[in-house]
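The values are calculated or read from the model by the stated rules, or taken from the named source; none is laboratory data. These numbers come from a predicted model, not from an experiment. Positions of Cβ are generated from backbone atoms using ideal geometry, with glycine treated the same way; all protein chains shown enter the neighbour counts.
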Amino acid sequence: MLTGSRVAQPLRQRRIRPRFWLLDFYGSAIGKKAVMAVTGLLLLGFVLTHMLGNLHMYQDAEHMNHYGEYLRTIGEPILPHTGFLWIMRGGLILAFALHIHSAATLTLLNRESRAVGYKGGRTYVAANYAARTMRWSGIIVGAYLLFHLMDLTWGVGVATSSYTRGTPYENLVASFQREPVAAVYIVANLLLGIHIYHGAWSLFQSLGWANPRFNDWRRMFAIGFAALVVVGNVSFPIAVMTGIVE
Ligand code: HEM
């Protein structure tokens, strides 16, 4: 027969086992929001830099291809060829994975903690259109990213017709000359704009900087950032389709 003390012992041990504080923090809703905000900020930095870099397309093939090669040589000779690029890729993959994980587990946490289910369907009093579409726009942008990597980085599968490593300009033009592909890029980047708008707006709240006095600035930042990235990105397939870039 089990005595009270024999049963209590493992329970006590379980309770006092120390957990790394960062894991505890990440286990809370506030921690997940903070991780989503910080990784979102890093991803915003990436999409802006990527769009600005792609503007080389408006110069000519030589500048664009040179820029692509330059990215592979940053840090040489201290780092090996493509060393810097791989460090950036590692950070980007980690940020992307944490962004998705925190979003998914926060949704589950919210569902669990909701004491009473909705009656008569959901009512979206506080959540605006962008907030409601965050999940869907995020999933579609993720699928688009996979297509985009197959198309212009790996050069594999149905996404690509004539891919040559080291010539991003020619790859881009060949890709956007196919109307369905150009349409995929345009639609996905418009959705990315909705995702960025809401993300850029809410990340301040998630980081605790939500004084209503700054709401106008937050909104301007979110609209300005999303518009800049979307206008830049959507202009590329349009420029190829209209023959501005050949
Ligand atoms: C129309 C808009 C876009 C254009 C024209 C474009 C163009 C390109 C090109 C040419 C490359 C290959 C670079 C090279 O091999 O040197 C590339 C890679 C990549 N793009 Fe985009 N991109 C666009 C939008 C996006 C967006 C919205 C995202 C993110 C959501 C994104 C994420 C990436 C990533 C992660 C890579 C791989 C970078 C690497 O590891 O080398 N791109 N893009």
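Summary of values
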quantity	calculated
Filter result for G199 (of a type in the set (G, A, S), more than 16 Å from the ligand (Cβ to nearest atom) and closer than 21 Å to H99 by Cα)	no
T107 vs. criteria among the β-branched types (V, I, T) and within 11 Å of the ligand (Cβ to nearest atom)	no
Criterion violated by E170 - all others in (1) among the charged types (D, E, K, R); (2) under 24 Å from the mean Cα position of the chain (by Cα); (3) modelled with pLDDT of 85 or more satisfied	(2)
Filter result for the condition that a residue is surrounded by 17 or more Cβ atoms within 10 Å (Cβ to Cβ) and either within 12 Å of the ligand (Cβ to nearest atom) or touching a residue at least 12 places away in the same chain (Cβ under 8 Å) (or both), over M88, M57	M57
Output for segment 60-81, where each listed residue is part of a helix (DSSP H, G or I), more than 10 Å from the ligand (Cβ to nearest atom) and among the charged types (D, E, K, R)	E62
Single match in L228, L203 (criterion: modelled with pLDDT of 95 or more and under 22 Å from G142 (Cα atoms))	L228
Answer residue from segment 37-54, given it is buried (at least 17 other Cβ atoms within 10 Å of the Cβ) and of a type in the set (S, T, N, Q) and is farthest from the chain's Cα centre (by Cα) among those	N54
Answer from G166, G199, G224 - the residue that is surrounded by fewer than 14 Cβ atoms within 10 Å (Cβ to Cβ), over 25 Å from E69 (Cα atoms) and of a type in the set (G, A, S)	G224
Every residue from segment 39-54 that is within 11 Å of the ligand (Cβ to nearest atom) and more than 14 Å from L172 (Cβ to Cβ)	L43, L44, F46, V47, L48, T49
